[in-house]
Amino acid sequence: MKKPKILVTAFEPFGGECVNPALEAMKQMKEEIAGVSVIKLPIPTVYESSLALLYRAICEHQPDAVLSIGQAGGRSGITPERVAINLDDCSLPDNAGDVRIDRPIFADGDAAYFTTLPVKAMVQAMREKEIPAALSTTAGTYVCNHVMYGVLYYANREFPELRAGFVHVPYLPSQVQDKPGTPSLELSQIVAGLEASVETIFTHAQDVHTIGGSTH
Ligand code: PCA
């Protein structure tokens, strides 16, 4: 049998930060996790080129799953995203200076796509390892949501077997030294959480049926 393959992507630093915890964590992830080959792809925090690079990598490697990772400064745990919406809308320019307002990502796409990764099982697996994790129902309307939406759009149209989704990770401790009161997570914990997530994707063809939503 062919060895299963996952394409993992992580963003370059943006918004004035010198590092992106997603990228630092991806670099430290194992090349093989529980028999699954891990292909790593750094992507720019740029609307246009991030998705184009990802599309090319999917065609080239034909992975079974795509896990994209980004920084969500201010969050205290690792947060798998449940849904991506068809909207770019953020005052923060991307790394190419592009500012987008009220712009659909694909004119012929659905309003939203749900992740096809077992996100509740991923949260469970991380918590079992005492890594702070929670389900998120918003990936924002910046480049992370753009990439998550775009990959799910492509999967929907061209790669029906491909499972895909997104995980946001907190700041590293070094990033919050000048941000009193802002939560952070050690790099080793982020790496362990992402590796547990990869393993869970391949042990769970379907998600678990537990409570994961919230009142707001
Ligand atoms: N986080 C940003 C984009 C790149 C990243 O790591 C976001 O949440 O949209």
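Just so it is clear, none of the values below were taken in a lab; they were calculated from the coordinates. What you see is a predicted model, and the numbers here were worked out from it, not measured in a lab. In this analysis, Cβ positions are derived from the backbone assuming ideal geometry, glycine residues included, and neighbour counts consider all displayed protein chains.
Annotations for the structure displayed:
- Cα-based Kirkwood hydrodynamic radius, the stretch 15-128, one decimal, Å: 16.3
- Volume per residue of the C-alpha convex hull in the stretch 66-160, rounded to whole Å³: 105
- Stokes-Einstein diffusion for the stretch 1-71, with the hydrodynamic radius set to the Kirkwood value over Cα pairs and evaluated at 10 °C in a medium of 1.306 mPa s, equals 125 µm²/s.
- Relative counts (whole %) of C-alpha pair distances in the stretch 64-116, using bins that are 5 Å wide: 4, 14, 18, 22, 26, 13, 2, 0
- Distance cut-off 17 Å, percentage of C-alpha pairs in the stretch 172-216 lying past it: 59
- 13 Å cut-off, amide nitrogen to a point 7 angstrom out along ASP178 Cα→Cβ, residues in the stretch 1-34: 15-19
- At the listed q of 0.17 Å⁻¹, the Debye profile of the stretch 111-216, built from one uniform point per Cα, gives log10 I(q)/I(0) equal to -0.92.
- Within straight-line cross-link reach of LYS3, aspartates and glutamates at Cα separation under 19 Å, skipping those fewer than 8 residues along the same chain: GLU31, GLU32, GLU60, ASP64, GLU161, GLU195, GLU199
- DSSP beta bridges in the chain [antiparallel fraction, %, rounded to 5]: 30
- Neighbour count of at most 16 Cβ within 10 Å plus DSSP loop: longest GluC sites (Glu not before Pro)-free window in the chain: 32-129
- On the principal axes of its alpha-carbon atoms, the chain has extents of 48, 41, 35 Å, going from largest to smallest.
- Among the listed pairs LYS129/LYS179; LYS40/LYS179; LYS40/LYS129; LYS30/LYS129, those beyond 26 Å (Cα-Cα): LYS129/LYS179; LYS40/LYS179
- For the chain, the residue among PHE159, LEU87, SER188 whose Cα projects farthest onto the positive side of the dipole built from Cβ charges is SER188.
- Separation of alpha-carbon centers, the stretch 1-28 and the stretch 45-96, rounded to whole Å: 10
- Order of MET122, MET26 - criterion: other Cβ atoms within 10 Å of each residue's Cβ, fewest first: MET26, MET122
- Loop trypsin sites (Lys or Arg not before Pro), the stretch 20-116, which have at most 16 other Cβ atoms in a 10 Å radius of their Cβ (DSSP): LYS30
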